[in-house]
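Where a number appears in this text, it was derived from the coordinates with a stated rule and is not lab data. Keep in mind the model is a prediction, meaning the values are calculated, not measured. For neighbour counting, all protein chains shown are included, and Cβ atoms are generated from backbone atoms with ideal geometry for every residue, glycine included.
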Amino acid sequence: MDEVDKCIATLKPDSWKGYTVGDNTNKDLARHPWRMDDEKLVYPFYEKIVKAGYDIVCVHKGLYPTSVEKRWPHLTPYATVDDVGKAAKDWPNIRFVIYHSAFRWTGAPGASAEGYAQFEKTGRIEWTTDLAEIPGKYGVSNVYADLGQIFAQTTVTEPRLCAALMGQLVKGMGADHIVWGTDAVWTGAPQWQIEGLRRLEIPEDMRRKFGFAELGPADGPIKRAIFGENSARMYRYEVKKAAWRDDRFAALKTDYERRGRDPSNLRYGFVAPS
């Protein structure tokens, strides 16, 4: 809590981020996992930031395939989303952004294939389906799903799984509660992911079977909302006043094109055969 006070006083963040599994990078050292609905430990934090005028809490969830669970089974309960609903209901004035949409099947070789096999068999995807059901189950509208990492790791290797993820999130949470993320530090320049979502459509047979809506045109309302409009609204960013056409990044782009567009920012890598 002292660190929270320090951040409020000196850093003045736009939002807060936490890892419920504790030390996510060094799980062997994770001695302090926590739950979002822990009234004694975490609710005082919510109270403190709300009083300071903050209303966005981002929480890392998911990315916990069976290979990871075998090594750290005691942390698995903290990677799920069964603590999100109560926290959201108890704190309706906080927007909770669940990073990676709590998608479990990532990281390990073959994990995405396991995820698609699960969807084909049950119609569910751990733990993203659970997340998508929270608004309806708890009657809340303050839970958001982030696409960081999960889109990159499914759109190429298991495109139907990617389509199913998008269909479930849009159906359960609404297109206005999904925010774009690329995790570019792990997956390289994000342009290929942007183009991937621009082109993605949920197959007709999947829409018919599960009642998923079409994602629509590349520049349609659903994709525009996901790419930026939702985040802009959440962070109270006035898009119409944005100077993105003549800001520093626009100047860098102009210089890049003048120099011959080198490096190309093409994504290189290996896709395992199915």
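A few remarks follow.
- Test: residue in the stretch 100-121 that is over 25 Å from Pro73 (Cβ atoms) and in contact with a helix residue (DSSP H, G or I) (Cβ under 8 Å, 6 or more places away or on another chain): no
- Of all residues in the stretch 69-93 being assigned to a loop (DSSP other than H, G, I, E, B), under 17 Å from the mean Cα position of the chain (by Cα) and without any contact (Cβ under 8 Å) to a residue 60 or more places away in the chain, the one that is surrounded by the fewest Cβ atoms within 10 Å (Cβ to Cβ): Asp82
- Checked across the stretch 115-137, the condition of being of a type in the set (Gly, Ala, Ser) and more than 26 Å from Ile202 (Cβ to Cβ) holds for no residue.
- Scanning the stretch 225-262 for residues that are hydrophobic (A, V, I, L, M, F, W, C) and over 28 Å from Tyr99 (Cβ atoms) returns Ala243, Ala250, Ala251.
- Each residue in the stretch 170-199 was checked for being in contact (Cβ under 8 Å) with a residue 40 or more places away in the chain, in contact with a Phe, Trp or Tyr (Cβ under 9 Å, 6 or more places away or on another chain) and part of a loop (DSSP other than H, G, I, E, B), and 3 of them qualify.
- Output for the stretch 116-169, where each listed residue is among the acidic types (Asp, Glu) and not in a helix (DSSP H, G or I): Glu126, Asp146, Glu158
- Exclusive hit being closer than 19 Å to Val179 by Cα, in contact with a Pro (Cβ under 9 Å, 6 or more places away or on another chain) and not charged (D, E, K, R), set Ala152, Ala108, Ala102: Ala152
- Any helices (runs of 4 or more DSSP H) falling wholly within the stretch 206-262 and containing at least 1 residues that are polar (S, T, N, Q) and surrounded by 12 or more Cβ atoms within 10 Å (Cβ to Cβ): 230-234
- A single entry from Lys121, Lys223, Lys137 fulfils the requirement of being without any contact (Cβ under 8 Å) to a residue 12 or more places away in the chain and not small (Gly, Ala, Ser): Lys121.
- Scanning the stretch 16-61 for residues that are in a helix (DSSP H, G or I) and out of contact with any strand residue (DSSP E or B) (no Cβ under 9 Å at 6 or more places or on another chain) yields Lys27, Asp28, Leu29, Tyr43, Pro44, Glu47, Lys48, Val50, Lys51.
- When restricted to residues that are buried (at least 22 other Cβ atoms within 10 Å of the Cβ) and either among the hydroxyl-bearing types (Ser, Thr, Tyr) or in contact with a Lys or Arg (Cβ under 7 Å, 6 or more places away or on another chain) (or both), the stretch 133-153 contains 1.
- Meets criteria (assigned to a loop (DSSP other than H, G, I, E, B) and either free of Cβ contacts under 8 Å to residues at least 24 places away in the same chain or over 30 Å from Arg236 (Cβ atoms) (or both)) for Tyr64: yes
- Conditions (1) in contact (Cβ under 8 Å) with a residue 12 or more places away in the chain; (2) over 16 Å from Thr187 (Cβ atoms); (3) not β-branched (Val, Ile, Thr): number failed by Glu158: (2)
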